[in-house]
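To keep things clear, I will list the structure first and then write my remarks on it.
The values are calculated or read from the model by the stated rules, or taken from the named source; none is laboratory data. Everything numeric here is computed off the predicted structure, so don't read it as measured data. Please note: Cβ atoms are built from the backbone with ideal geometry, for glycine as well, and neighbour counts cover all protein chains shown.
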Amino acid sequence: MKINLLLGAALVLFSAAAFAQDSLKGNAQTGKDLFVAKGCYSCHGFVGQGSREGPRLMPALPYPAFVAQLRTPRTIMPPYTATLVNDQQAADIHAYLESQPKPPDPKSIKLLQ
Amino acid sequence: MSKKIKRRQFLAGLAAAPAVSVAASATKAMAQPAAQPASSVPPIPMTDRPTNDMPPQTIGKTGSDFMVDILKSLDIQYIASCPGSTFRGLHESIINYGDNKSPEFITTLHEDTAAAMCHGYYKVAKKPMACMVHGTVGLQHASMAIYNAFADRVPMLVLSGNIGNPATRQVYIEWNHSAQDQAATVRDITKWDDQPASLQGFAESMVRAYDLMTTAPMAPVLITADGDLQEDPIPPDIEKKLHIPKLKMRSQPSGDVMAVREAAKMLLAAENPVIYTNRYARTENGPALLLQVAEMIGAPVVDGHMRMNISNRHPLNHSQRSEATLQQADCILALEPIFLWGLNNYVPDLVTRPNDPRRRNPNLKLIHIGTESMMTKANYQDFQRYAEADLSIPGDAEATMPLLIEALKTQMSAADKARCDGRCAKVKELTAKQLEQFRERVAFEWDAKPISSGRLVMELWDQIKNEDWMMPTETQFLSDWPYRLWDIDKPYRTMGGSGAQGIGYNTPAALGAALANKDKGRLTVAMVGDGDFNMAPGVLWTAAHHKIPILYIVHNNRAYHQEVMMILRMASRRQRVNHKNVYVGTLIDNPAPDYAKIAQGYGLFAEGPITDPKDLAGAMRRAMDVVKRGEPALLDVVSDGR
């Protein structure tokens, strides 16, 4: 419940960022490179699957919530201001996360039975 | 020791004795050989030959032979070591006088490996192993592994050489390897030490050391074996008086019975009791005793994994929903928790490092049973932050469990029993869908490249699930997937972590565990980080040389990954624009080490680097075949960070 409220607040607070994305088309391939170069992978995993250190990022959050967490993060994630990740780069990283395919059904994986 | 005959004085005396008597007396004390045949060369009177032509020989039983008698009486099966001149007498006695059995000399390529092997061995065998280290330099090498064991409250017998008498030290090197107080290097991280000046003193100190280190709270002990004491023969009048004390029936310190009764009262009064365990299970009986208490009071268990405390799939195991469980608690029974303060508080890694209380029931009662306060030293801060408890019971938690069970039985009314049974059933329901949820989560990373930790862990599980397996290594760098997805069902499947998080623990400690598992016929699988592996790659040679079966999987994220995250956090907090530099000093890449080649060089079967998850199953099958034949093998798996 609390997370939903926070995300809702983020949607309102960062509507400006949402508008920014409308004019900034994210590039998934560039985003993939940035996901590594900016160190996102180190806590969230190379495909955003999450780990003990950082939550799963897929399916991707709506862009405004994504930017809200990036700029003013909850928990111990450091803030990635526009100085470190500019709006275009944020859009690219978001595009990479959105491009991730749906995970396979665990029932289809023999080793998970 | 007023009657002690100094080595060089004694040997000088021998040089003046008839050669025939030297030949007749220079025999091993333990396995006396048959009488030597008469020489075809007539003996030459000693007085007729220059002294330098006839090096003196040691007659009869030596001090280090007696030291081996002591090691055998303590049933020390293995002694790991790199050779060093300060204990050459004891080394020779172990392999010849003692016939290299009980203890068997395990050759290592670093003293840190020798000590860490003792750490891992104890956690499986439940009996101590010894390591023997060179004076000063060897002990300094071993010190990090000793610290890990100290912080993990695991015993090991450390024997150090020393040339205590300045008059008998050879010029230069023996001075560098001698110390006035050899143990000073590790006194802060051992439970006890001694530098005995006589053989009788040595015997008593060894038995005392064994007694102390294996009585909770356990920890390493150090005994320094003086060089002269090792190498000198034992004068007959001294030898006949030597006595090795025996350790007979012993017990572990349990909590005060009156306090335990109060604990039972508090637990029965609680609406939502929770048990927290960490360094709890001392023996393989520990999990069963814990479950008995948990079932009686209907309490979920949250486990910190520093010992194999509870099966991961038991429905009362709520470790994977620990915060939700602890938030509901109105009474927590903390068994050897290590960090009691950290159970209800935390210091988030933020710039201000705030001290934040966790969300807990305001009427929470805290019962602590453990040995943490029973061995606290001043320098190293492994004793953790001071925490208040409503009832604190110093004593070994596992030894206290039978008292607690008895007190609960005595105090539990029929109404209490009905309430606890009802709660127990509800608590078990809360974990019913957990496994399914984790399977859904791991599916997200199933086909990822670099290979995800979840995929790696499940490919390995497929290879071992029908074996009698044991995994001695830490899992936090694998996102704890084994605890989520495997069936960790037996009380020996895992053994917790390093204690002090000194990197370079997992690779050698796993080999110590594998040595103990070899004696028990169990399969050892170890997943070690590349950072950890690089601290002690020579471990592989020891595994190959002694034919210790173990499957090493290098979880190769090509980095000190914890520090990758730390430096990224620093750089981001400080708004450093030049992000590309954050990987300086944290990556183990460019060139990427080829761990399979390194392993092959040490004589192991090895494959890698494996980069495609589809290649894992075949490689694991081939490596497992080697391990089942009784040999070590290694796979290098290029992996995600966590």
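If you check A:Ala9, A:Ala16, A:Ala20, A:Ala37 for being surrounded by fewer than 19 Cβ atoms within 10 Å (Cβ to Cβ), of a type in the set (Gly, Ala, Ser) and modelled with pLDDT of 90 or more, only one passes: A:Ala37. Which residue is farthest from the chain's Cα centre (by Cα), if the candidates are limited to segment B:573-586 and must be within 11 Å of chain A (Cβ to nearest Cβ) and of a type outside the set (S, T, N, Q)? Of everything passing the filter in segment B:573-586, B:Val577 is farthest from the chain's Cα centre (by Cα).
Highlighted here are the helices (runs of 4 or more DSSP H) found entirely within segment B:101-176 that include at least 1 residues which are surrounded by 24 or more Cβ atoms within 10 Å (Cβ to Cβ) and at pLDDT 95 or above: B:111-125, B:137-151.
Within segment B:359-376, can one find any residue that is within 14 Å of chain A (Cβ to nearest Cβ) and either under 23 Å from B:Arg423 (Cβ atoms) or buried (at least 19 other Cβ atoms within 10 Å of the Cβ) (or both)? Scanning segment B:359-376 turns up at least one residue that is within 14 Å of chain A (Cβ to nearest Cβ) and either under 23 Å from B:Arg423 (Cβ atoms) or buried (at least 19 other Cβ atoms within 10 Å of the Cβ) (or both). Is it true that B:Asp594 is surrounded by 14 or more Cβ atoms within 10 Å (Cβ to Cβ) and among the acidic types (Asp, Glu)? Answer is yes for this residue. On the stretch given as segment B:525-548, residues that are without any contact (Cβ under 8 Å) to a residue 60 or more places away in the chain, touching a helix residue (DSSP H, G or I) at 6+ places or on another chain (Cβ under 8 Å) and not acidic (Asp, Glu) total 4. For segment B:515-523, the criterion of being within 14 Å of another protein chain (Cβ to nearest Cβ), under 17 Å from B:Ala116 (Cα atoms) and under 20 Å from the mean Cα position of the chain (by Cα) is met by none of the residues. Within segment B:105-121, no residue that is assigned by TED's automatic domain parsing to the domain that holds B:Ser498 and closer than 17 Å to B:Ala149 by Cα sits with its Cβ atom under 9 Å from a residue that is assigned to a loop (DSSP other than H, G, I, E, B) and at pLDDT 95 or above at 6+ positions apart or across chains.
Confirm whether B:Asp75 is charged (D, E, K, R) and assigned to a loop (DSSP other than H, G, I, E, B). Here the answer is yes, as B:Asp75 does meet what is asked.
Just one of (1) within 27 Å of B:Leu290 (Cβ to Cβ); (2) within 13 Å of another protein chain (Cβ to nearest Cβ) fails for B:Ala443. It is (1). Scan segment B:598-606 and tell me whether some residue there is more than 10 Å from chain A (Cβ to nearest Cβ) and loosely packed, with under 15 Cβ neighbours inside 10 Å. The answer is yes, given that some residue of segment B:598-606 is more than 10 Å from chain A (Cβ to nearest Cβ) and loosely packed, with under 15 Cβ neighbours inside 10 Å. Entry remark, segment B:450-470: residues being part of a loop (DSSP other than H, G, I, E, B) and either more than 8 Å from chain A (Cβ to nearest Cβ) or not small (Gly, Ala, Ser) (or both) number 5 in total.
Give the residues of segment B:144-166 that are farther than 20 Å from B:Phe105 by Cα and touching a residue at least 40 places away in the same chain (Cβ under 8 Å), sorted by residue number.
Scanning segment B:144-166 gives B:Met144, B:Tyr147, B:Asn148, B:Ala149, B:Phe150, B:Ala151, B:Asp152, B:Arg153, B:Val154, B:Ile163, B:Gly164, B:Asn165.
Checked against the criterion of being modelled with pLDDT under 95, within 14 Å of chain B (Cβ to nearest Cβ) and surrounded by fewer than 19 Cβ atoms within 10 Å (Cβ to Cβ), segment A:25-32 contains not a single residue that satisfies it.
Hey, any hits in segment B:321-328 for a residue that's more than 14 Å from chain A (Cβ to nearest Cβ) and closer than 21 Å to B:Asp416 by Cβ? Yes, there is a match, as at least one residue in segment B:321-328 is more than 14 Å from chain A (Cβ to nearest Cβ) and closer than 21 Å to B:Asp416 by Cβ.
Annotation note: of B:Thr473, B:Thr410, the sole residue that is touching a residue at least 24 places away in the same chain (Cβ under 8 Å), of a type in the set (Ser, Thr, Tyr), away from chain A (no Cβ under 14 Å) and in contact with a strand residue (DSSP E or B) (Cβ under 6 Å, 6 or more places away or on another chain) is B:Thr473. Within segment B:515-525, the residues that satisfy the criterion of being surrounded by fewer than 24 Cβ atoms within 10 Å (Cβ to Cβ) and either in the same structural domain as B:His119 (by TED's automatic domain parsing) or not acidic (Asp, Glu) (or both) are B:Lys518, B:Lys520, B:Gly521, B:Arg522, B:Leu523.
If I go through segment A:62-113 residue by residue, how many of them are within 7 Å of chain B (Cβ to nearest Cβ), crowded, with 19+ Cβ neighbours inside 10 Å and of a type in the set (Ser, Thr, Tyr)? So the count comes out to 1. Of all residues in segment B:68-83, those being in contact with a strand residue (DSSP E or B) (Cβ under 6 Å, 6 or more places away or on another chain) and of a type outside the set (Val, Ile, Thr) number 3. For segment B:529-559, a residue qualifies if it is within 11 Å of chain A (Cβ to nearest Cβ) and buried (at least 20 other Cβ atoms within 10 Å of the Cβ), and exactly one does: B:Asn557.
When B:Leu404, B:Leu391 are checked against the criterion of being modelled with pLDDT of 95 or more, closer than 25 Å to B:Gly286 by Cβ and crowded, with 20+ Cβ neighbours inside 10 Å, a single residue qualifies: B:Leu404. Only residues that are at the interface with chain A (Cβ under 10 Å from one of its Cβ atoms), under 25 Å from B:Tyr122 (Cα atoms) and part of a loop (DSSP other than H, G, I, E, B) were counted in segment B:476-490, giving 1.
Quick one: would you say B:Arg493 is of a type in the set (Lys, Arg), part of a loop (DSSP other than H, G, I, E, B) and touching a strand residue (DSSP E or B) at 6+ places or on another chain (Cβ under 8 Å)? Judged against the criteria, B:Arg493 is a match. When the criteria are applied in full, B:Asp421 meets the requirement of being more than 34 Å from the chain's Cα centre (by Cα), more than 11 Å from every other protein chain (Cβ to nearest Cβ), over 25 Å from B:His368 (Cβ atoms) and of a type in the set (D, E, K, R). Of everything in segment B:306-351, what is surrounded by 15 or more Cβ atoms within 10 Å (Cβ to Cβ) and in a strand (DSSP E or B)? Give them in sequence order. The answer is B:Asn317, B:Cys331, B:Ile332, B:Leu333, B:Ala334, B:Leu335, B:Asn345. Residue check: B:Gln384 meets all listed conditions (1) in contact (Cβ under 8 Å) with a residue 24 or more places away in the chain; (2) at positive phi; (3) within 14 Å of another protein chain (Cβ to nearest Cβ) but one, namely (3).
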